[in-house]
């Protein structure tokens, strides 16, 4: 859905790094190098970025309008 604000395990802020991470990976940089340069060195924080699936665009057409 939406990227969590903080890492579930350690509590470090990760949401503020999401857009730059996606932009740089789409430009061709390797994800491990991008995560390291963004300061995400713990494997729990890396998991938050690498395993996130953005489903909000897929779910919005099914929202109920009242």
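Figures for the structure shown
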read-out	value
Top-ranked residue of the stretch 26-64 - restricted to ones that are touching a residue at least 24 places away in the same chain (Cβ under 8 Å) and outside any helix (DSSP H, G or I), ranked as surrounded by the most Cβ atoms within 10 Å (Cβ to Cβ)	40
Evaluation of residue 15 against (1) modelled with pLDDT of 95 or more; (2) surrounded by 12 or more Cβ atoms within 10 Å (Cβ to Cβ) (one fails), failing number	(1)
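The rows are residues; the columns are (1) on the phi > 0 side of the Ramachandran plot; (2) in contact with a helix residue (DSSP H, G or I) (Cβ under 6 Å, 6 or more places away or on another chain).
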| site | (1), (2) |
| --- | --- |
| 11 | yes, no |
| 38 | no, yes |
| 49 | no, yes |
| 63 | no, no |
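The values are calculated or read from the model by the stated rules, or taken from the named source; none is laboratory data. What you see is a predicted model, and the numbers here were worked out from it, not measured in a lab. Neighbour counts run over all protein chains shown; Cβ positions are idealised from the backbone, glycine included.
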